[in-house]
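Reviewing the structure listed below.
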Amino acid sequence: MPSSTKTQISGRVVELLSARRDEILNIWIKERLESEDFRDELISKHELRQQSQQIVEMLARALQESDGSDFDHPSFDELRGFLNEISRQRAVKGYTPSENATYILSLRNVVLPILAEDFEGDTVTLVREMDHFTRLLDRMGLVMVENFIRSREEIIRQQRADMLELSTPVIKVWDKILTLPIIGTLDSRRAQMMTEALLQRIVDTGSTVAILDITGVRTMDTLVANHLIKTVTAARLMGARCILTGVSPSIAQTMVQLGIDLTEITTRAQMSDGIRLALEMIGRKVVSAAALSHLRANGATPPAQKTEQTKSES
Amino acid sequence: MESRAITLESEHDIVVARGEVRAMAVALGFRLIDQTRLATVASELARNIVKYAGRGQVIAQPARHADGREGLRLIFEDSGGGIPNIEAAMRDGFSTGRGLGQGLPGSRRLAHEFEIESSAERGTRVTVVRWI
């Protein structure tokens, strides 16, 4: 970057900002509290004061350390980090992007009159100094905006993940057989929802077997295991037996080391094994069409053909 | 790799802590089974903090063994009321809540090193290390 575009704040302004920082802080806070976009439900006066004080202090210190240099100077790292942090907090709290940027940019309204007072009579210098200070503030404002948006995107991504995790579909795969694919995190609230959904579907469909598939669960801790045991017990009271499927090798080993005892629960490695077992439990079996016609040819089934076969044999 | 500190206040923070610990375990080159072990330990101990102390933090930092092996150290800290009877809490099946009572003893079995300090004044600090 050519040096001409750098903000080079003069030593006099650096000194001025440092010497009068308490005054700047007080006017700034007063201005913020009186402004229309101050929302006391989002930030307390105390917190606003603390944050603003830190910004003014850090700004004065960074300017002194860097000799009035550009915002890219390492002396501003602390201030930049702090601005990042408060804009992240503001994104979480639900500030609008403009409220967030206005906060920093409003420092201009406080500092410019002080500069005007100090450089009275020297308009040329005053304009130059105002220009440099404004540029610095703009950079600070941009940091706030950029990080605000980044934080918001992070929140959206997190919420999307949460929503996915919160869905608990109970699927009827066969007459009297339900499956419950569990994906993601199984916290207490979700475990409760899942159990309720499962029990309701057991009643609605008259199912006697439920397959709980945990292929999508990456971490099985004692709480999750506890929830599963409770779900299985509740289902059993409703007259349905549960089959746990999709236990990965690493989860199996971890559970053994944790000391979780699931011997009470019927388990199968794969969902398909679970379905096969569930069908057996309701007295059904999946056989290939070839095997079926072979059985028929040998007179095993169905009864109608059996009679015919018996006749020809006799 | 830099250490990470994660604040633990809500159920959601447990999910975050577990994710961060797993990501660090992956980056350090832990096998899948060890990633799962570390994520499980993070889940157990982070939940203890949220459940019993209300708030605290976990610090995840890369570690190096005297024999040169790399590892991951997890430090769980809170300033809650402490664990009155550590010896009992470390026993299988002991729980003051309504859990399975396997959280602490289970976590010890999942880690290579396990250290617990607790007092009513200073809260609880659990340090676990697993080497690659």
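For beta carbons closer than 7 Å, sequence separation of 6+ or different chains, a first residue in the stretch B:21-49 that is facing chain A (nearest Cβ under 8 Å) and closer than 24 Å to B:Ile116 by Cβ and a second that is aliphatic (A, V, I, L, M) and surrounded by fewer than 20 Cβ atoms within 10 Å (Cβ to Cβ), the qualifying pairs are B:Gln35/B:Val26. Restricted to the stretch B:77-109, and to residues there that are within 14 Å of the chain's Cα centre (by Cα), within 14 Å of chain A (Cβ to nearest Cβ) and not in a loop (DSSP other than H, G, I, E, B), the residue that is modelled with the lowest pLDDT is B:Gly103.
Can you pull out the residues in the stretch A:114-142 that are part of a helix (DSSP H, G or I) and small (Gly, Ala, Ser)? Working first, answer last.
Of all residues in the stretch A:114-142, those part of a helix (DSSP H, G or I) come to A:114-118, A:123-142.
Answer for the stretch A:114-142, where residues must be part of a helix (DSSP H, G or I) and small (Gly, Ala, Ser): A:Ala116, A:Gly141.
Does any residue of the stretch B:36-47 turn out to be hydrophobic (A, V, I, L, M, F, W, C), surrounded by 14 or more Cβ atoms within 10 Å (Cβ to Cβ), over 19 Å from B:Arg130 (Cα atoms) and in contact with a strand residue (DSSP E or B) (Cβ under 6 Å, 6 or more places away or on another chain)? Looking through the stretch B:36-47, none of the residues is hydrophobic (A, V, I, L, M, F, W, C), surrounded by 14 or more Cβ atoms within 10 Å (Cβ to Cβ), over 19 Å from B:Arg130 (Cα atoms) and in contact with a strand residue (DSSP E or B) (Cβ under 6 Å, 6 or more places away or on another chain).
What do you reckon, is A:Ser98 small (Gly, Ala, Ser) and over 21 Å from A:Ile24 (Cα atoms)?
yes
The residue that is nearest to the other protein chains (Cβ to nearest Cβ), among those in the stretch B:1-20 that are surrounded by fewer than 20 Cβ atoms within 10 Å (Cβ to Cβ) and among the acidic types (Asp, Glu), is B:Glu11.
Scan the stretch B:75-112 for residues that are over 23 Å from B:Glu9 (Cα atoms) and touching a residue at least 40 places away in the same chain (Cβ under 8 Å) and the total you get is 3. If you go through the stretch A:231-264 and keep only what is without any contact (Cβ under 8 Å) to a residue 24 or more places away in the chain, within 27 Å of B:Pro105 (Cβ to Cβ) and of a type outside the set (A, V, I, L, M), you end up with A:Thr233, A:Pro249, A:Ser250, A:Gln253, A:Gln257, A:Gly259, A:Asp261, A:Thr263. Scanning the stretch B:116-131 for any residue that is at pLDDT 90 or above, among the polar types (S, T, N, Q), assigned to a helix (DSSP H, G or I) and within 17 Å of the chain's Cα centre (by Cα) turns up nothing. The single condition from (1) at pLDDT below 90; (2) outside any helix (DSSP H, G or I) that A:Lys172 fails is (1). Annotation note: of A:Val124, A:Val143, A:Val110, the sole residue that is over 36 Å from the mean Cα position of the chain (by Cα) and crowded, with 16+ Cβ neighbours inside 10 Å is A:Val110.
For B:Ile59, the conditions (1) under 22 Å from B:Ser118 (Cβ atoms); (2) away from every other protein chain (no Cβ under 13 Å); (3) over 10 Å from the mean Cα position of the chain (by Cα); (4) surrounded by fewer than 18 Cβ atoms within 10 Å (Cβ to Cβ) are fulfilled apart from (3).
State which residue is nearest to A:Ile275 (Cα to Cα) when the search covers only the stretch A:181-214 and only residues that are away from chain B (no Cβ under 14 Å) and of a type in the set (Val, Ile, Thr).
Here is the first cut: in the stretch A:181-214, the ones away from chain B (no Cβ under 14 Å) are A:181-182, A:194-213.
Add one more test, that the residue is of a type in the set (Val, Ile, Thr), and what stays is A:182, A:195, A:202-203, A:205, A:208-209, A:211.
Details: A:Ile182: 16, A:Thr195: 20, A:Ile202: 16, A:Val203: 20, A:Thr205: 17, A:Thr208: 13, A:Val209: 10, A:Ile211: 7 Å.
The residue in question is A:Ile211.
Can you find, within the stretch B:1-42, the residue that is modelled with the lowest pLDDT among those that are in contact with a helix residue (DSSP H, G or I) (Cβ under 8 Å, 6 or more places away or on another chain) and of a type in the set (S, T, N, Q)? Step by step, filter the stretch B:1-42, then rank; the result is B:Ser10.
Which of the residues that make up the stretch B:4-23 are of a type in the set (A, V, I, L, M) and in contact with a strand residue (DSSP E or B) (Cβ under 8 Å, 6 or more places away or on another chain)?
From the stretch B:4-23, those of a type in the set (A, V, I, L, M) are B:5-6, B:8, B:14-17, B:21, B:23; that's our starting set.
B:Ala5, B:Ile6, B:Leu8, B:Ile14, B:Val16, B:Ala17, B:Val21 - these are the residues of the stretch B:4-23 that are of a type in the set (A, V, I, L, M) and in contact with a strand residue (DSSP E or B) (Cβ under 8 Å, 6 or more places away or on another chain).
Regarding the stretch A:258-273, can at least one residue be identified that is part of a helix (DSSP H, G or I), among the small types (Gly, Ala, Ser), within 26 Å of A:Val203 (Cα to Cα) and modelled with pLDDT under 95? Yes, the stretch A:258-273 has at least one match. Return yes when B:Phe30 is among the aromatic types (Phe, Trp, Tyr) and buried (at least 18 other Cβ atoms within 10 Å of the Cβ) and no when it is not. Judged against the criteria, B:Phe30 is a match. Considering the stretch A:175-225, and only residues there that are of a type in the set (A, V, I, L, M, F, W, C), within 22 Å of A:Leu258 (Cβ to Cβ) and in a helix (DSSP H, G or I), the residue that is modelled with the lowest pLDDT turns out to be A:Ala191.
Working only within the stretch B:110-129, note down all residues that are within 14 Å of chain A (Cβ to nearest Cβ) and touching a strand residue (DSSP E or B) at 6+ places or on another chain (Cβ under 6 Å). Within the stretch B:110-129, B:Ala111, B:His112, B:Phe114, B:Val128 meet the criteria. One residue stands out among those in the stretch A:230-244 that are out of contact with any Leu (no Cβ under 7 Å at 6 or more places or on another chain) and not in a helix (DSSP H, G or I): the one that is farthest from the other protein chains (Cβ to nearest Cβ), which is A:Gly239.
Please work out if A:Ser250 is part of a helix (DSSP H, G or I) and within 31 Å of the chain's Cα centre (by Cα).
On the way: part of a helix (DSSP H, G or I): yes; within 31 Å of the chain's Cα centre (by Cα): yes.
So A:Ser250 passes the test.
The values are calculated or read from the model by the stated rules, or taken from the named source; none is laboratory data. Predicted model, so just to flag it, every value in this text is computed and none were measured. Quick reminder, even Gly has a Cβ in these numbers, built from the backbone with ideal geometry, and neighbours come from all protein chains shown.
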